[in-house]
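Trainee: Dropping the structure in here first, questions after.
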Amino acid sequence: MSTSTPTAEVSVTSPVMELEKQYLLQNYSRYPLVLTRGRGCYVYDDKGKRYLDLISGIGVNALGHAHPRIVRTIRQQAALLIHTSNLYYHEYQGKLAQKLAEVSGLQRTFFTNSGTEAMEGALKMVKAHGARISPGKIEIISLENSFHGRSLGALSITGQEKYRRDFEPLLPGVHFVPANDITALEQMFSERTAGFVVEAIQGEGGIYPMRQEYLRKARELADRYDALLVFDETQCGVGRPGTYFAYQLFDPVILPDVMIAAKPIGCGLPLGFIVANERAAAAIGPGMHGSTFGGGPLATRVGLEAMEIIGELLPHIEQVGGYFRMRLTELSRHFQFIREVRGAGLMIGVQMDRPCKQMVTDAMALGLLINCTHETVLRMLPPYILTEQEVDRAVAGLKKVFAAAEKAGL
């Protein structure tokens, strides 16, 4: 294939696109691609073209598309019971909570529909914890460059001004510090601090891992000031780094007081969770929080099956993720605009010295779905079932994309 800039072989317009333009809120900048089905690590468009899916619904379709065990579970449960509300018991919420306790090292779970909703619940937990200690213990520390969701509470602790500017003023008492800066963190903590929220690996901010000594200091400061340490593992957890959760990459493990996650656990169904230790969970009593749809029988039965499959795949995720990063690092020796390859497991960021949105479009033309985040980072969150042969196919395509970018001087 020529190294000239690829031309996307996708529909410029279609009845599907036109209908959305007429009736949907125009808040998404979609790529001109209509997807109709998926199988394994691949999706197919309305022309029948196949794409290797290396973004998996921004990390959601982590077991690939149409995984036979997940499809079977959905069919069985959908024919029995989909929704009960939390007025009544069903058999899967407790089982999934038990599984999460076993693999997380924490004790009590609350189920939500999404990572954003989980963050809202965690913020209420932080606020309630602080209020029980002192009326002035209201401050929350978060990181610059962080991303925690789109709701007003989650935006308040998101350390990227571009997401917050249209909705200010937001939640007061929030302070941002640079990632991995221990001195800045120590200076910000005080008796007024109710909680510190951190992604062990920043996702939307560009796949930036936190250093072990930084998170250990965070744990120490939270203990010293009786604040809650909250890990947001919505993107970097649930198997993505090659462990169940990113804080388990460290030895010994750095346990949070509260951890939230979502994305892979529902395999495309809306499911997130908060899991907390007993001290943090005690801050939320009867009537203080709730969810109409959170923890329904369909979603939690799928989540239970997903967690079993993910547990079986952890060694594979670590192996294939390491292979993928190695192959990308090899490419960086050939293209000077590649500054760094970062990540863990199958959470990978390729730092460029230039905007890389055009590279995403060019990759699509070659049958590769990737994503650009933080303007200059190619983000890859492929399914956990990705093989080394599929990595080779991806790297071959990316090499053509990078060669075209080099020739065009993008």
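The values are calculated or read from the model by the stated rules, or taken from the named source; none is laboratory data. On a predicted model such as this, the values are computed, not experimentally measured, just so you know. Ideal geometry is used to build each Cβ from the backbone, glycine not excepted, and the neighbour counts take in all protein chains shown.
Trainee: Just checking, does region 162-182 include any residue being of a type in the set (Gly, Ala, Ser) and assigned to a loop (DSSP other than H, G, I, E, B)? Walk me through how you get there before you give the answer.
Mentor: Just the residues of region 162-182 that are of a type in the set (Gly, Ala, Ser), to begin with: 173, 179.
Checking the rest, the ones that are also assigned to a loop (DSSP other than H, G, I, E, B) come to 173, 179.
Checked against the condition, which is being of a type in the set (Gly, Ala, Ser) and assigned to a loop (DSSP other than H, G, I, E, B), region 162-182 yields at least one hit.
Trainee: Right, here's the next one. Scanning for something aliphatic (A, V, I, L, M), surrounded by 14 or more Cβ atoms within 10 Å (Cβ to Cβ), modelled with pLDDT of 95 or more and in a strand (DSSP E or B), does region 58-79 turn up at least one residue?
Mentor: No: region 58-79 contains no residue that is aliphatic (A, V, I, L, M), surrounded by 14 or more Cβ atoms within 10 Å (Cβ to Cβ), modelled with pLDDT of 95 or more and in a strand (DSSP E or B).
Trainee: Scan ARG393, ARG379 and give me the residue that is charged (D, E, K, R), surrounded by 22 or more Cβ atoms within 10 Å (Cβ to Cβ) and either modelled with pLDDT of 95 or more or in a strand (DSSP E or B) (or both). If you could, list the steps in order and put the result at the bottom.
Mentor: Details: ARG393 fails: surrounded by 22 or more Cβ atoms within 10 Å (Cβ to Cβ).
That would be ARG379, the only listed residue that is charged (D, E, K, R), surrounded by 22 or more Cβ atoms within 10 Å (Cβ to Cβ) and either modelled with pLDDT of 95 or more or in a strand (DSSP E or B) (or both).
Trainee: Kindly check whether there is at least one residue in region 137-147 that is assigned to a helix (DSSP H, G or I) and either β-branched (Val, Ile, Thr) or touching a strand residue (DSSP E or B) at 6+ places or on another chain (Cβ under 7 Å) (or both).
Mentor: Checked against the condition, which is being assigned to a helix (DSSP H, G or I) and either β-branched (Val, Ile, Thr) or touching a strand residue (DSSP E or B) at 6+ places or on another chain (Cβ under 7 Å) (or both), region 137-147 yields no hits at all.
Trainee: I need every pair where a residue in region 69-95 that is among the hydroxyl-bearing types (Ser, Thr, Tyr) has its Cβ under 7 Å from the Cβ of a residue that is at pLDDT 95 or above and assigned to a helix (DSSP H, G or I), sequence separation at least 6 or different chains.
Mentor: THR73/ARG301; THR73/VAL302; THR73/GLU305; THR84/PRO297; TYR92/PRO297; TYR92/THR300; TYR92/ARG301; TYR92/LEU304
Trainee: Can you tell me which residue among GLY130, GLY136, GLY121 is farther than 29 Å from MET307 by Cα and crowded, with 24+ Cβ neighbours inside 10 Å? Show your work before the answer.
Mentor: Values: GLY136 fails: crowded, with 24+ Cβ neighbours inside 10 Å; GLY121 fails: farther than 29 Å from MET307 by Cα.
On inspection, the qualifying residue turns out to be GLY130.
Trainee: Mind listing whichever residues of region 181-205 are in contact (Cβ under 8 Å) with a residue 24 or more places away in the chain, surrounded by fewer than 18 Cβ atoms within 10 Å (Cβ to Cβ) and in contact with a strand residue (DSSP E or B) (Cβ under 8 Å, 6 or more places away or on another chain)?
Mentor: MET188, SER190, ARG192 - these are the residues of region 181-205 that are in contact (Cβ under 8 Å) with a residue 24 or more places away in the chain, surrounded by fewer than 18 Cβ atoms within 10 Å (Cβ to Cβ) and in contact with a strand residue (DSSP E or B) (Cβ under 8 Å, 6 or more places away or on another chain).
Trainee: Sort out which residues of region 314-342 are crowded, with 20+ Cβ neighbours inside 10 Å and either touching a Pro at 6+ places or on another chain (Cβ under 6 Å) or assigned to a helix (DSSP H, G or I) (or both), and write them in order of number.
Mentor: ILE317, VAL320, GLY321, PHE324, ARG325, LEU328
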